[in-house]
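Peer 1: Mind looking over this structure? Questions follow.
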Amino acid sequence: MSGRLEGKVAVITGTGRGMARQVALRFAAEGASVVGCDIDGEAAEETLQEVRAAGGRMESLHPIDLTDEESAHRLFEFAAEQYGGVDILDNNAMQHRMGAIEDLSLADWQLTMDHTLTLHFLTTKHAIPHLRARGGGSIIFMGSISGSAVGSGYAGNLPINQPYSVAKAGILRLVVALANELAPARIRVNAISPGCVATPLGLAFFGPTGSPVRRVIEDSLLIPELAAPEDIANAALFLASDESTFVTGLDLAVDGGYLAAGGGGLTRPEDVAAYAPKMAEITVVDHWKTSGVRASQPTGGSRS
Ligand SMILES: NC(=O)c1ccc[n+]([C@@H]2O[C@H](COP(=O)([O-])OP(=O)(O)OC[C@H]3O[C@@H](n4cnc5c(N)ncnc54)[C@H](O)[C@@H]3O)[C@@H](O)[C@H]2O)c1
C-alpha cells in the first residue's frame with residue numbers, strides 16, 4: 001500500500017539521523033510533504049538530499065536548536081509557508097547525559113531535561129495552532145521503555161540512565177494529559193516506546209553482536225534482537241495516518257516484548273523443566289468447578 005499520507009504535511013524533529021531520518025523517508029514515500037529539522041545542519045542536509053533522491057517531497061530548517069522557543073515557533077511558520085499548513089508532528093529530537101547521580105552536575109541534568117522533555121513541550125505548543133487550523137491532526141512523541149519499566153529490568157533502572165528515564169516518564173505522562181486536553185480539537189496524541197533500536201546512537205551504546213550489553217538486551221526480550229529504525233517508522237506511520245483515527249492517548253511499545261516479559265525475556269527451558277511434574281499432574285483445569293486442582297491440594301487454605 002502506498003499513499004497512506006497523501007495530502008498531509010508532517011513536521012519531523014531531529015531528522016539528521018537515526019529514527020527520524022527513517023521516518024522522513026517513510027512518510028515521504030507514503031505521499032506526505034515532510035518538513036525536517038536538526039541542530040546538526042550537515043546531517044539534516046544529508047537526510048534532505050536522501051529523501052529528495054528517493055523522489056520524496058521535503059524541506060528542512062537547519063541548523064536549529066529546538067530548545068529555543070523562538071526557533072520552535074519558526075519551524076511551524078516555515079512549514080506552513082512551504083506547504084500551507086501542518087497535519088502531523090513527530091517529536092523525535094533528543095540529547096541526554098548519562099551518569100550516576102553523585103557524578104552528574106546540575107548542568108548535565110538540565111541539558112537532559114531541556115533536550116529530552118522541554119523541547120517537546122515547545123514544539124507541541126507551537127504546532128497546535130496549525131493543527132487546529134486544519135481541524136485536527138496527529139502528534140507523536142518518542143517515549144521509551146525506560147520511561148515506563150519502573151519495576152522491571154534494566155531499562156530505566158540502570159544507575160547511569162536516571163535523568164533520561166525521568167524525562168521519558170514525563171513524556172509519557174504528557175501524552176496522556178494532552179490526549180485529554182486536545183481531543184475536542186480532534187488532535188490525537190500518542191507515544192511510541194521503542195526498546196533498543198539499531199540507530200547510530202543506539203549501536204554506539206549497545207555495541208556489536210555478541211558484546212556483553214547486546215547479550216543482556218537480547219536475554220530481556222521475547223524477540224531477541226535489536227529493533228531496526230524501520231520498525232519504529234512503521235509504528236509512526238500507523239499513528240500518523242488515518243488508519244488510527246480512533247487511537248489517542250496510547251503508548252505503543254515497539255520493544256520486542258520487553259514489557260510483556262517484565263524484562264525477563266523468553267521463559268528458560270530449565271524453568272519449564274522445573275514446572276514439568278506439576279504440569280503433568282494438572283493436565284486439565286476446570287475453571288468453573290476447579291475440581292482438578294482442589295482435589296490434589298491440601299484442605300484448610302494452607303499456602304505452604
Ligand atoms: N535508539 C534507541 O535505542 C532508542 C530507544 C528508545 C527511545 N529512543 C528515542 O527515540 C528518539 C530517536 O532516537 P535516535 O536513536 O534516533 O537518536 P539520535 O541521537 O540518532 O537522533 C536524535 C537527533 O536529534 C537531534 N537533536 C538533538 N538535540 C536537538 C535540538 N536541541 N534541536 C534539534 N535537534 C536536536 C540530534 O542532532 C539527532 O540528529 C529519541 O527521542 C530517543 O530518546 C531511542
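The values are calculated or read from the model by the stated rules, or taken from the named source; none is laboratory data. All of these numbers come straight from a predicted model, not from anything done at the bench. Every residue, glycine among them, receives a Cβ derived from its backbone with ideal geometry; neighbour counts consider all protein chains shown. For the accessible areas, the whole protein counts, side chains as well, though only heavy atoms, and no ligand, DNA or RNA atoms are used. Shrake-Rupley method; radii C 1.70, N 1.55, O 1.52, S 1.80 Å.
Peer 1: If you check D65, D103, D114, which single one turns out to be part of a loop (DSSP other than H, G, I, E, B), open to solvent by 10 Å² or more (accessible area, probe 1.4 Å), within 15 Å of the ligand (Cβ to nearest atom) and not basic (K, R)?
Peer 2: Just one listed residue meets the conditions, D65.
Peer 1: If you don't mind, another one. Restricting the search to region 43-54, which residues are surrounded by fewer than 18 Cβ atoms within 10 Å (Cβ to Cβ) and touching a residue at least 24 places away in the same chain (Cβ under 8 Å)?
Peer 2: Within region 43-54, E46, E50, A54 meet the criteria.
Peer 1: Considering (1) away from the ligand (no atom under 16 Å from the Cβ); (2) surrounded by fewer than 15 Cβ atoms within 10 Å (Cβ to Cβ); (3) part of a helix (DSSP H, G or I), say which one I160 fails and leave the rest.
Peer 2: Going through the list (1) away from the ligand (no atom under 16 Å from the Cβ); (2) surrounded by fewer than 15 Cβ atoms within 10 Å (Cβ to Cβ); (3) part of a helix (DSSP H, G or I), I160 breaks only (1).
Peer 1: Here is a further query. Can you list residue pairs whose Cβ atoms sit under 9 Å apart, with the first residue in region 154-168 being at positive phi and the second being assigned to a loop (DSSP other than H, G, I, E, B)? Count only pairs 6 or more apart in sequence or on different chains.
Peer 2: Going by the 9 Å Cβ cut-off, the qualifying pairs are G156/S144; G156/A149; G156/V150.
Peer 1: What single numbered condition from (1) of a type outside the set (S, T, Y); (2) assigned to a loop (DSSP other than H, G, I, E, B); (3) surrounded by fewer than 22 Cβ atoms within 10 Å (Cβ to Cβ) fails to hold for L5?
Peer 2: The one condition L5 does not meet is (3).
Peer 1: Then there is this: Take the residues in region 197-222 that are surrounded by 15 or more Cβ atoms within 10 Å (Cβ to Cβ), in a loop (DSSP other than H, G, I, E, B) and without any contact (Cβ under 8 Å) to a residue 60 or more places away in the chain; name whichever of them is farthest from the ligand (Cβ to nearest atom).
Peer 2: The residue in question is L222.
Peer 1: Only one residue in E42, E77, E46 is more than 12 Å from the ligand (Cβ to nearest atom), at pLDDT 95 or above and not in a strand (DSSP E or B). Which one?
Peer 2: That would be E77, the only listed residue that is more than 12 Å from the ligand (Cβ to nearest atom), at pLDDT 95 or above and not in a strand (DSSP E or B).
Peer 1: What pairs come out if I take residues in region 96-108 that are touching a residue at least 12 places away in the same chain (Cβ under 8 Å) and pair them with residues that are part of a loop (DSSP other than H, G, I, E, B) and not basic (K, R) whose C-beta lies under 8 Å away, six or more apart or interchain?
Peer 2: R97/L104; D108/G99
Peer 1: Here is a follow-up. Could you check how many residues of region 27-39 are open to solvent by less than 70 Å² (accessible area, probe 1.4 Å), outside any strand (DSSP E or B) and within 9 Å of the ligand (Cβ to nearest atom)?
Peer 2: Count: 1.
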